[in-house]
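Q: My questions all concern the structure below.
The values are calculated or read from the model by the stated rules, or taken from the named source; none is laboratory data. The model shown is predicted, which means the values in this text are computed figures rather than measured ones. Cβ placement follows ideal geometry from the backbone for every residue including glycine, while neighbour counts extend to all protein chains displayed.
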Amino acid sequence: MTAAPPTTRVRLCALTDLVPERGSVALVGGVQVALVRTHDDDVHAIANLDPYSGAQVIARGLVGTRGGRPTIISPMFKQVFDLRTGECLDPIGREPVSLRTWPAAVVDGQVVLETTGDDGVAPSPVGGS
Amino acid sequence: MPEDTAPTASPQHLVIVGGGMVARRLVDALRERDGRGRWAITLIGEEPRAPYDRVALTSYFAGRDPEDLALGGQDLWDDPLVTLLRGVRVESIDRTARRVSTSTGSTLDYDALVLATGSFAAVPPVPGNDLRGAFVYRTIDDVADLRAYVESRREELDRPVSGAVVGGGLLGLEAAGALRALDVDTTVVEFAPRLMPLQVDEGGGEGLARLIEGLGVTVRTSTATSMVVGERGAVRGMTFSEGPDLDVDVVIFAVGVRPRDELARQAGLEVGERGGVVVDDACATADPAIWAIGEVANIGGRCLGLVAPGYTMAEIVADRLLGGGGTFPGADLSTKLKLLGVDVASFGDAFAQEPGGLEVVISDPVAGVYKKLVMSDDARTLRGGILVGDASAYAALRPMVGRELGGDPAAYLLPEGSAPAPTGDLPEETAVCSCNNVTAGRIRGSVRDEGCTDLAGVKACTRAGTSCGSCLPLVKKIVAAELTKSGVEVSTALCEHFGLSRAELFDVVRVQGLTTFSEIIERHGTGRGCDICKPVIGSILASLGTGHILEGERATLQDTNDFVMANLQKDGSYSVVPRIPGGEVTPEGLIAIGQVAKDFGLYTKITGGQRVDLFGARIDQLPGIWARLVDAGFESGHAYGKSLRTVKSCVGSTWCRFGVQDSVGLAIDLELRYRGLRSPHKIKLGVSGCARECAEARGKDVGVIATDNGWNVYVGGNGGFTPRHARLLAEDLDTETLVRTIDRFLMYYVRTADRLQRTAPWIEDHEGGLDAIRAVVLEDSLGIADDLDSAMATHVGTYRDEWAATLADPDKLARFASFVNAPDVVDDSLAYVGERGQARPATPEERSSDSVIIAGTTLEVRS
């Protein structure tokens with residue numbers, strides 16, 4: 001067992017800034033992170049870069065479920081990703097590529113991202129307050 | 001198919017006298033089975049055309065080319081073993097020499113001769129039956145003469161023409177339909193106490209009369225015609241043995257047919273007491289070289305006036321000519337017809353003539369429905385039935401004759417959907433398609449052993465459902481059951497979240513008045529949806545006029561294009577297409593669009609639909625772009641989503657030397673009428689100002705082409721993966737009728753098509769095809785026209801430009817921010833290079849080389 005790496009909490013926006021079942025994009029240390037508020041007010045953070053098209057579009061996909069798992073579907077070529085794990089559930093005929101996810105939580109009505117600093121996003125937010 | 005296909009050195013010669021549907025079926029059947037070419041065939045027909053679909057005479061003739069009646073498989077006549085002689089009559093048969101002489105003076109030797117001379121229409125011996133304006137109803141020429149006469153009479157008399165049909169049987173009601181289609185004020189005169197006395201009972205006849213009178217046809221039963229009254233050699237009226245006289249300008253005799261057996265009589269062959277060439281159950285006459293099939297054949301003591309037994313006889317003779325032993329199994333006299341748009345069906349022991357029959361009757365004079373089942377005395381076995389006004393149960397019930405129905409017989413008479421229809425569990429030998437004699441076993445075999453996986457494949461393989469089509473629902477059911485058995489899942493379920501099909505979902509949402517996704521999925525589905533069901537429900541709600549597509553929860557249903565009301569392009573930027581109705585735009589409008597493109601650094605291109613497309617807009621730029629476009633008088637062009645795209649037009653009579661109508665004006669009106677209409681697939685319209693068709697309207701879902709007399713409307717055309725030409729729906733419509741027709745066509749499509757199903761396959765898959773759709777939109781055969789009209793009126797009345805509404809709503813505008821935590825930071829992930837003077841997305845190589853990248857969409861100049 002190794003100790004969990006230290007994490008930093010980054011406050012991104014208010015929960016009410018997010019439209020239920022639609023993605024928004026947050027810019028965290030220069031990285032685009034798709035934030036998705038599900039119907040039951042869970043918030044997920046997942047990479048916005050669509051690996052299949054190379055465009056920053058994941059947040060603009062439809063949010064739903066597949067076999068009970070919460071999903072987001074790339075608007076470009078319709079690959080389906082598990083919002084909790086980033087796993088590609090339906091690669092639409094291509095090799096499955098998973099998306100990076102980050103732990104996200106709602107604290108006092110604010111959406112916060114937990115980052116260890118070595119997971120692709122810088123420890124401090126850009127913009128926002 | 002015989003395995004030995006080595007060609008025969010010198011084929012024998014078969015001569016077929018007669019050029020009707022049954023004669024043609026014999027040629028078809030023989031060529032299909034005679035792989036070795038043992039028979040060369042000469043078909044001699046006296047009409048000037050190849051065999052055609054006489055059964056469809058009425059439904060097809062209105063304004064159509066006789067070519068439309070051609071039966072499929074015209075390449076049959078190119079077969080080197082088949083000779084078709086048209087416009088030739090056989091004058092005599094020399095049985096000793098085995099030779100026929102024809103009206104052209106030639107002779108032909110035969111090894112086998114088949115008489116398929118059919119019938120002629122009987123004319124009752126009443127005085128005046130030979131006046132001008134007295135017709136029979138049998139051939140294309142009869143119908144063409146009738147039409148020409150009615151049209152010229154209407155001009156001469158300068159008033160509406162009135163007519164009578166003598167005979168209220170199948171043929172008479174068909175003829176009445178033809179007269180109604182010619183806008184003739186029509187009376188049907190029947191000697192018997194009810195209409196269709198041979199097919200329906202008293203109750204059915206009454207129901208039928210009520211329905212037909214409801215369509216504006218006067219019905220007089222128990223009436224004998226005593227004279228046709230003339231004036232200057234033309235029909236003017238009729239008198240009857242009782243009852244008042246009738247003023248009419250045209251009379252059609254449809255009192256029955258008589259077999260054309262004169263050739264056989266001359267040749268000394270036996271004929272029946274009431275006519276017809278006597279044949280045994282192999283269709284053979286006493287002369288071993290001569291056969292008779294179809295309406296001229298007297299088989300089992302009678303002549304049969306339906307095409308299905310004639311087809312069976314043709315198959316038997318083909319079999320016998322190749323050495324087989326087929327025999328006539330007895331006639332199925334079932335009939336299902338749509339006469340004047342009224343469903344009538346009669347099958348099995350319809351009159352309960354077998355002893356001990358029980359009759360189950362449902363009669364609803366208000367709804368115009370009469371249905372009767374004849375059951376065995378223990379009420380278990382179906383013997384026959386009569387359906388008037390709603391014959392939807394016919395396809396399922398007819399094959400059940402002689403079998404246990406299972407369950408309450410009355411349940412089968414309730415409207416469709418309220419009772420479980422018989423399943424596909426029919427015994428193998430049951431005839432499902434009686435026109436082509438296809439059994440349930442044959443259909444299952446085509447799925448099981450021949451790899452057919454859908455209805456179209458089964459039709460092509462077995463010919464089931466390719467003639468009258470009334471068995472198609474049952475064929476479909478059997479195919480689905482067999483596919484399921486073979487482990488192929490056949491489901492109309494929309495996706496994992498909904499077990500309903502799109503059409504079913506549309507209905508429940510409409511009927512239950514549901515307005516939110518949550519309500520709909522809670523009642524009818526599971527989970528929280530996906531990229532299939534969410535846009536479908538978004539589209540259904542939009543079609544039902546529930547307000548702005550981004551209002552409340554509806555925003556979650558829209559695919560990215562609908563969500564930002566622009567079109568997602570390959571690099572994640574969007575394109576913008578302002579509406580340019582009919583392709584007509586002012587110079588000021590063009591300048592405004594150009595200025596917007598220039599200020600936002602957008603790439604511009606003329607679209608395939610006569611509009612301007614502006615590419616390379618970032619999501620956060622869309623409100624700014626639209627603020628400018630709305631200011632300049634433009635509105636959303638709905639280039640995104642599944643909805644009306646464009647109404648393409650030529651310049652029409654406004655500028656064109658040849659244009660006969662104002663195609664631009666109509667295109668603009670239509671585009672403004674249907675703008676924003678959400679549908680199962682994108683829809684496009686076109687309007688051409690003359691037959692030169694410069695707008696390519698027949699390549700559109702709805703195409704309108706101007707004529708000297710109004711507008712012709714075509715439907716079901718499209719480009720895309722499977723391009724289709726549109727087919728004629730109606731002719732010479734005035735503008736008001738045209739718009740109503742398009743309203744109904746589009747709304748009916750919107751309601752009933754599958755997700756992403758274009759109009760062409762929708763029409764193909766629709767039961768009864770284009771004819772059935774024509775009946776719905778032009779004759780209101782389903783009784784839903786008012787509903788469709790008011791749905792379209794709601795759409796037109798409540799339309800608001802989606803972009804103008806969005807610009808006025810700060811909550812909606814907030815969704816266009818680039819980053820939720822940094823709304824003022826511009827997304828710098830987009831990169832452009834110059835090409836032909838404009839910016840286009842950089843390729844991955846260009847991006848990594850970090851060269852030639854120009855500022856594109858980041859050069860924003862706000863006014």
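Q: Restricting attention to the range B:498-527, report how many residues are farther than 30 Å from B:Cys452 by Cβ and within 14 Å of chain A (Cβ to nearest Cβ).
A: Number of matching residues: 10.
Q: Among the residues of the range B:776-813, which ones are small (Gly, Ala, Ser), exposed (fewer than 14 other Cβ atoms within 10 Å of the Cβ) and modelled with pLDDT of 90 or more?
A: Scanning the range B:776-813 gives B:Ser790, B:Ala793, B:Gly797, B:Ala808.
Q: Looking only at residues that are at positive phi and not charged (D, E, K, R) in the range B:210-236, which one is surrounded by the most Cβ atoms within 10 Å (Cβ to Cβ)?
A: Going through the qualifying residues, I end up with B:Ser222.
Q: Right, here's the next one. Looking at the structure I just gave you, is B:Val161 at pLDDT 90 or above, touching a helix residue (DSSP H, G or I) at 6+ places or on another chain (Cβ under 6 Å) and surrounded by 15 or more Cβ atoms within 10 Å (Cβ to Cβ)?
A: yes
Q: What helices (runs of 4 or more DSSP H), lying completely within the range B:767-824, carry at least 2 residues that are out of contact with any Phe, Trp or Tyr (no Cβ under 8 Å at 6 or more places or on another chain), under 30 Å from A:Gln56 (Cβ atoms) and not small (Gly, Ala, Ser)?
A: Ranges flagged: B:810-814.
Q: Go through the range B:498-530 and give me each residue that's in contact with a strand residue (DSSP E or B) (Cβ under 7 Å, 6 or more places away or on another chain) and crowded, with 22+ Cβ neighbours inside 10 Å.
A: B:Phe498, B:Leu505, B:Arg528, B:Gly529, B:Cys530
Q: Something else: Residues to consider are A:Phe77, A:Phe81; find the one that is among the aromatic types (Phe, Trp, Tyr) and at pLDDT 95 or above.
A: A:Phe81
Q: Of these, B:Gly63, B:Gly37, B:Gly19, which one is at positive phi, more than 25 Å from the chain's Cα centre (by Cα) and at pLDDT below 95?
A: Of the residues listed, the single one that is at positive phi, more than 25 Å from the chain's Cα centre (by Cα) and at pLDDT below 95 is B:Gly37.
Q: Follow-up question, since we're still on this one. Tally the residues that are in a strand (DSSP E or B) and charged (D, E, K, R), restricting the search to the range A:42-68.
A: Number of matching residues: 1.
Q: Considering each of B:Ile593, B:Ile625 in turn, give the residue that is more than 14 Å from chain A (Cβ to nearest Cβ) and over 30 Å from B:Thr654 (Cα atoms).
A: Checking each option against the conditions leaves just B:Ile625.
For (1) under 30 Å from B:Ala234 (Cα atoms); (2) of a type in the set (Gly, Ala, Ser); (3) out of contact with any Lys or Arg (no Cβ under 9 Å at 6 or more places or on another chain), each residue gets a yes or a no:
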{"site": "B:Ile252", "(1), (2), (3)": "yes, no, yes"}
{"site": "B:Arg274", "(1), (2), (3)": "no, no, no"}
{"site": "B:Glu295", "(1), (2), (3)": "no, no, no"}
{"site": "B:Leu306", "(1), (2), (3)": "no, no, yes"}
{"site": "B:Pro309", "(1), (2), (3)": "no, no, yes"}
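Q: Let me ask you something else. Counting only residues that are over 11 Å from the mean Cα position of the chain (by Cα), give me the strands (runs of 3 or more DSSP E) lying completely in the range A:69-109 with at least 2 of them.
A: Strands (runs of 3 or more DSSP E) meeting the threshold: A:69-73, A:88-90, A:104-107.
Q: Considering only the range B:645-653, I want to know if a residue exists there that is in contact with a His (Cβ under 7 Å, 6 or more places away or on another chain), free of Cβ contacts under 8 Å to residues at least 40 places away in the same chain and within 20 Å of B:Tyr799 (Cβ to Cβ).
A: yes
Q: Give the range B:679-713 a look and list any residue that's among the charged types (D, E, K, R) and at pLDDT below 95, or say none.
A: B:Lys682, B:Arg692, B:Glu693, B:Glu696, B:Arg698, B:Asp708 - these are the residues of the range B:679-713 that are among the charged types (D, E, K, R) and at pLDDT below 95.
Q: Which is at pLDDT 80 or above and over 28 Å from B:Ala772 (Cα atoms), of B:Val401, B:Val374, B:Val438, B:Val361?
A: B:Val374
Q: I'd like to check something: does the range B:181-193 contain any residue that is assigned to a strand (DSSP E or B), touching a Ser or Thr at 6+ places or on another chain (Cβ under 9 Å) and farther than 30 Å from B:Ile140 by Cβ?
A: No, the range B:181-193 contains no residue that is assigned to a strand (DSSP E or B), touching a Ser or Thr at 6+ places or on another chain (Cβ under 9 Å) and farther than 30 Å from B:Ile140 by Cβ.
Q: Continuing with the same structure: Being free of Cβ contacts under 8 Å to residues at least 12 places away in the same chain and over 27 Å from the mean Cα position of the chain (by Cα) is the requirement here; does B:Gly487 meet it?
A: yes
Q: Assess whether B:Asp732 counts as being in contact (Cβ under 8 Å) with a residue 60 or more places away in the chain and part of a helix (DSSP H, G or I).
A: For B:Asp732, the condition - in contact (Cβ under 8 Å) with a residue 60 or more places away in the chain and part of a helix (DSSP H, G or I) - is not met.
Q: Select, from B:Ser346, B:Ser363, the only residue that is small (Gly, Ala, Ser), under 29 Å from the mean Cα position of the chain (by Cα) and not in a loop (DSSP other than H, G, I, E, B).
A: When all the criteria are applied, what remains is B:Ser346.
Q: Being among the small types (Gly, Ala, Ser) and assigned to a helix (DSSP H, G or I) is the filter; apply it to the range B:471-497 and report the residue that is farthest from the other protein chains (Cβ to nearest Cβ).
A: Among those that are among the small types (Gly, Ala, Ser) and assigned to a helix (DSSP H, G or I), it is B:Ala481.
Q: Could you go through the range A:26-38 and let me know if any residue there is within 7 Å of chain B (Cβ to nearest Cβ) and not in a strand (DSSP E or B).
A: Looking through the range A:26-38, none of the residues is within 7 Å of chain B (Cβ to nearest Cβ) and not in a strand (DSSP E or B).
Q: Out of everything in the range B:531-584 that is part of a strand (DSSP E or B) and either within 33 Å of the chain's Cα centre (by Cα) or more than 13 Å from chain A (Cβ to nearest Cβ) (or both), what residue ends up being farthest from B:Ala839 (Cα to Cα)?
A: Out of the qualifying residues, it is B:Pro578.
Q: Moving to a separate point now. If you go through the range B:294-340 one residue at a time, how many are out of contact with any Gly (no Cβ under 8 Å at 6 or more places or on another chain) and basic (Lys, Arg)?
A: Number of matching residues: 2.
Q: So if I check each of B:Thr526, B:Thr546, B:Thr516, which one is of a type in the set (S, T, N, Q) and touching an Asp or Glu at 6+ places or on another chain (Cβ under 7 Å)?
A: Going through B:Thr526, B:Thr546, B:Thr516 in turn, the sole match is B:Thr516.
Q: Could you tell me whether any residue of the range A:92-104 is at pLDDT below 85 and more than 14 Å from every other protein chain (Cβ to nearest Cβ)?
A: Checking the range A:92-104: at least one residue is at pLDDT below 85 and more than 14 Å from every other protein chain (Cβ to nearest Cβ).
Q: Go through the residues of the range B:136-149 one by one and say whether even a single one is part of a strand (DSSP E or B), without any contact (Cβ under 8 Å) to a residue 40 or more places away in the chain and either surrounded by 13 or more Cβ atoms within 10 Å (Cβ to Cβ) or on the phi < 0 side of the Ramachandran plot (or both).
A: No - not one qualifying residue is present in the range B:136-149.
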